[in-house]
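Chemist: Just passing along the structure, written as structure tokens.
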Amino acid sequence: MLGTNGNRTNGSSATNGGRQPLNLNSLITSSVENAIAAADIYHGKGTTYLHTDNPLSSSDHDDSHAAANPTGAVVPPISLATTFKQSTPGEPSARYDPNSFGAGYEYSRTGNPTRGVFERAVAAAEKAKYCVAFSSGSAATSAVVHLLSPGEQILSIDDVYGGTQRYFRKVMNPRMGINVDFVDFSDNQAVLSKMLHEGEKTKLLWLETPTNPTLKVTDIEKVATMTKRFNANALLAVDNTFCSPYFQNPLEHGADIVVHSVTKYINGHSDVVMGVVCTNNEEVYHQLRFTQNGVGAVPSPFDCYLAHRGLKTLHLRMEAAARNANAIALFLEGHEGVTKVLYPGLKSHPQHDIATRQQNGYGAMITFYCKGGKKESEIVLKNLRVFALAESLGAVESLAECPSLMTHASVPDEQRALLGIDDTLIRLSVGVESCSDLITDLDNALNAALNGNKKNSSFLPGGPASPGKDDGESYWDW
């Protein structure tokens with residue numbers, strides 16, 4: 001029998017609205033089975049992204065669902081109310097609404113129906129019990145750090161998003177008294193040494209995999225096993241932004257916490273700034289929920305609506321972008337204007353085997369080094385026409401940037417040098433445009449650099465004509 005994701009099942013777990021499973025054996029011919037396999041290349045995830053465990057539409061089988069959504073609307077409404085009427089003093093309304101998580105509604109910072117439905121949807125996508133949404137990815141990171149106390153320690157991967165390392169180095173450490181060590185997690189001995197040296201003070205391990213921007217891949221299960229063996233009180237958090245819930249689910253590999261910048265792939269349309277934290281740990285969840293309410297860094301209902309709409313097409317967008325990225329990575333690897341390509345899907349990638357085992361696909365982020373120096377990388381970026389020269393990533397449109405001058409300008413020079421983030425490194429966020437158009441665009445730009453062609457005089461942020469830069473750092477990077 002076929003399950004909802006097109007895979008064979010024994011029929012014992014498949015249900016149809018609470019009824020007995022349908023017997024489709026007599027209807028499934030080999031041609032139908034092949035057609036189903038060709039149609040559902042998304043691992044059955046489309047259903048998860050579109051439908052949560054408690055339906056939003058009214059149901060004849062559960063009065064609470066109908067009461068929560070009496071109109072039967074198939075699209076969750078945007079609830080803009082900041083406060084909610086109570087029938088009895090101190091008794092929040094609508095405790096029956098699954099989007100209130102049993103707490104009901106009293107004030108929108110504390111709980112909002114539109115935010116609740118989005119949190120439940122992301123939890124389902126990430127295969128988590130709980131999800132808490134915040135006003136940005138950085139706010140989500142900060143909420144995780146709020147789990148720690150002064151004097152405790154974070155062990156972070158060395159190649160980490162520029163905003164994260166800036167927060168760790170320049171806010172968290174000097175102002176909150178929480179220490180941080182940056183370590184290459186591909187060196188198991190170095191990680192173990194740090195954990196043993198710091199002992200019980202290490203309370204959080206922070207991973208990105210793949211990393212931003214050099215796309216290093218870490219074996220999550222191996223780190224989780226090491227952590228539980230040598231420091232059982234420490235939590236393992238994984239920033240899963242680059243893979244999205246579609247290509248990787250870190251909780252399945254032993255992580256305790258998963259963080260996303262929703263701004264990127266989950267929303268996917270460059271029009272929302274938001275973050276989420278997912279976990280299966282009930283104690284961690286309650287602490288995160290307390291911080292969400294106490295600090296108040298909550299997303300707006302309208303942003304939650306937009307991000308939820310984006311999530312519904314995550315599987316479609318990720319597959320299309322990843323197919324483009326694979327072709328582009330292969331093209332770049334053979335181009336004379338490129339000295340090195342980093343993409344987990346290439347066999348030349350140092351952790352290709354780990355990515356193949358751990359992920360459900362290789363994603364749509366590519367990093368490459370162009371031939372020459374800063375001058376040549378500027379020429380490449382200035383001559384792109386389909387790729388937009390812009391920070392951020394994960395949207396339907398393709399973006400290109402130079403991390404050393406843009407997203408990672410705040411990383412100390414010596415650290416960038418150790419990580420290989422130099423002025424020739426270009427990061428691509430591959431979108432869903434025509435693959436041939438994207439490759440033609442890159443080819444033209446790379447050939448312009450090889451030929452010393454400086455047409456298109458718009459400045460590159462961080463270059464001589466760019467305002468607001470001082471020794472490679474922007475005003476905001478202080």
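Chemist: As a test of reading the structure, rank 422, 159, 303 by solvent-accessible area (1.4 Å probe, protein chains only), most first.
Modeler: On the way: 422 70, 159 0, 303 40 Å².
Accessible-area ranking of 422, 159, 303, largest first: 422, 303, 159.
Chemist: May I ask you to give the solvent-accessible area per residue for segment 275-345, in square angstrom, as obtained with a 1.4 angstrom probe?
Modeler: Counting only protein heavy atoms, the per-residue value for segment 275-345 is 39 Å².
Chemist: Can you give me the Rg/Rh ratio for the chain, using Cα atoms for both radii and the Kirkwood formula for Rh?
Modeler: Dividing the radius of gyration by the Kirkwood radius yields 0.99.
Chemist: Quick one: 3J(HN,Hα) in Hz for segment 265-277, Karplus 6.51/-1.76/1.60 with θ = phi - 60°, rounded, Gly and Pro as x.
Modeler: 5, 4, 6, x, 9, 6, 9, 9, 10, 6, x, 9, 10
Chemist: Please label the shape of segment 168-224 as rounded, prolate or oblate, based on the square roots a ≥ b ≥ c of the eigenvalues of the alpha-carbon gyration tensor (a/c under 1.5 means rounded; beyond that, a/b larger than b/c means prolate, else oblate).
Modeler: Values: a/c = 2.34, a/b = 1.27, b/c = 1.84.
It is oblate, given that a/c is not under 1.5 and a/b is not larger than b/c.
Chemist: For residue 290 and residue 176, what does the FRET efficiency come to when R0 = 25 Å and r is the distance between their Cβ atoms, rounded to the nearest 0.05? Could you put the intermediate results ahead of the total?
Modeler: On the way: r = 17 Å, r/R0 = 0.69.
The formula returns an efficiency of 0.90 here.
Chemist: In terms of Cα to Cα distance under 29 Å, which lysines are near enough to residue 194, apart from those fewer than 8 places away along the same chain?
Modeler: Qualifying lysines at Cα under 29 Å: 170, 203, 216, 222, 228.
Chemist: Report the accessible area of residue 80, computed with a 1.4 Å probe over the heavy atoms of all protein chains in place, in Å² rounded to the nearest 10.
Modeler: Per-residue accessible area (residue 80): approximately 130 Å².
Chemist: Fully extended, how many nm does the chain gain between residue 440 and residue 101 (0.36 nm per residue separation, minus their Cα-Cα distance)? All intermediate terms of the calculation are to be shown ahead of the outcome.
Modeler: Numbers: separation 339, 0.36 × 339 = 122.04 nm, distance 4.99 nm.
Extra length from residue 440 to residue 101 when fully extended: 117.0 nm.
Chemist: Here is a follow-up. Taking amide H positions as placed 1.01 Å from N in the peptide plane, with prolines and chain starts having none, which residues 5 or more places from residue 158, or on another chain, fall under 5 Å of its amide H?
Modeler: Sorted by chain and number, the residues that satisfy this are 183, 184, 185.
Chemist: Next question. What number, in percent, do you get for the relative contact order of segment 102-232 if the mean sequence gap of Cα pairs under 8 Å and at least 6 apart is divided by its residue count? Mind showing how you got there, number by number?
Modeler: Details: 129 pairs, mean separation 29.2, N = 131.
After rounding, I find 22 percent.
Chemist: How high is the relative contact order of the chain, in percent, counting Cα pairs under 8 Å that sit 6 or more residues apart?
Modeler: Here the relative contact order equals 13 percent.
Chemist: Convert each backbone phi in segment 143-148 into a coupling constant with the Karplus relation 6.51 cos²θ - 1.76 cosθ + 1.60 (shift: θ = phi - 60°), then list the ³J(HN,Hα) values in order as whole Hz, x for Gly and Pro.
Modeler: Listing the rounded values in order: 5, 5, 5, 5, 6, 9 Hz.
Chemist: Multiply the residue gap between residue 422 and residue 333 by 0.36 nm, knock off their C-alpha separation, and tell me the result in nm, one decimal place. Walk me through the numbers on the way to the answer.
Modeler: Working: separation 89, 0.36 × 89 = 32.04 nm, distance 1.85 nm.
My answer for the length gained is 30.2 nm.
Chemist: Gap in Å between the Cα centre of segment 192-214 and the Cα centre of segment 256-272?
Modeler: With segment 256-272 and segment 192-214 each reduced to a Cα centre, they are spaced 23 Å.
Chemist: What does the helix-only formula give at 222 nm for the chain: each DSSP H stretch with n ≥ 4 adding -39500 (n - 2.57), the total divided by the residues, and the result rounded to the nearest 500 deg cm²/dmol? Before the final figure, lay out the partial values.
Modeler: On the way: 17 runs with 164 residues, N = 478.
Rounded to the nearest 500, it is -10000 deg cm²/dmol.
Chemist: Something else now. Scan around residue 93 for amide H atoms under 5 Å from its own, H built in the peptide plane at 1.01 Å from N, and keep only partners 5 or more places away or cross-chain.
Modeler: Under 5 Å from the amide H of residue 93 lie the amide H atoms of 105, each far enough along the sequence or on another chain.
Chemist: Let me cross-check residue 427: its accessible surface, 1.4 Å probe, with only protein heavy atoms counted, in Å² to the nearest 10?
Modeler: 10 Å²
Chemist: Moving to a separate point now. Along segment 199-209, what does the Karplus equation 6.51 cos²θ - 1.76 cosθ + 1.60 (θ = phi - 60°) give for ³J(HN,Hα), rounded to whole Hz, x for Gly and Pro?
Modeler: My calculation for segment 199-209 gives x, 6, 5, 6, 10, 8, 10, 10, 10, 10, 8 Hz in order.
Chemist: Report, for the chain, the % of DSSP beta bridges that are antiparallel, rounded to 5. Let's see the in-between values first.
Modeler: Details: 30 of 49 bridges.
Taking every DSSP beta bridge with both residues in the chain, the antiparallel ones total about 60 percent.
Chemist: Give the lysines reachable from residue 375 as a straight Cα distance under 22 Å; neighbours fewer than 8 places away on the same chain don't count.
Modeler: 340, 454, 455, 469
Chemist: How far is it, in nm, from the label point at residue 78 to the one at residue 225 when both lie 7 Å from their Cα along the line to the Cβ?
Modeler: 4.9 nm
Chemist: Could I ask something else about it? Averaging over every viewing direction, what projected area does the convex hull of the Cα atoms of segment 78-162 cover, in nm²?
Modeler: Details: hull surface 33.1 nm².
Seen from a random direction, the Cα hull of segment 78-162 projects 8.3 nm² on average.
Chemist: I'd like the distance between the alpha-carbon centres of segment 95-135 and segment 305-379, rounded to an integer number of Å.
Modeler: One Cα centre to the other: 33 Å.
Chemist: Shifting gears a bit: Check which residues have an amide H placed less than 5 Å from residue 111's amide H, if you skip close sequence neighbours.
Modeler: Hits under the 5 Å cutoff: 106.
The values are calculated or read from the model by the stated rules, or taken from the named source; none is laboratory data. Given the structure is predicted, the values throughout are model-derived calculations rather than measurements. Neighbour counts run over all protein chains shown; Cβ positions are idealised from the backbone, glycine included. Surface areas here come from the heavy atoms of the whole protein model, side chains and all, with no ligands, DNA or RNA. Shrake-Rupley method; radii C 1.70, N 1.55, O 1.52, S 1.80 Å.
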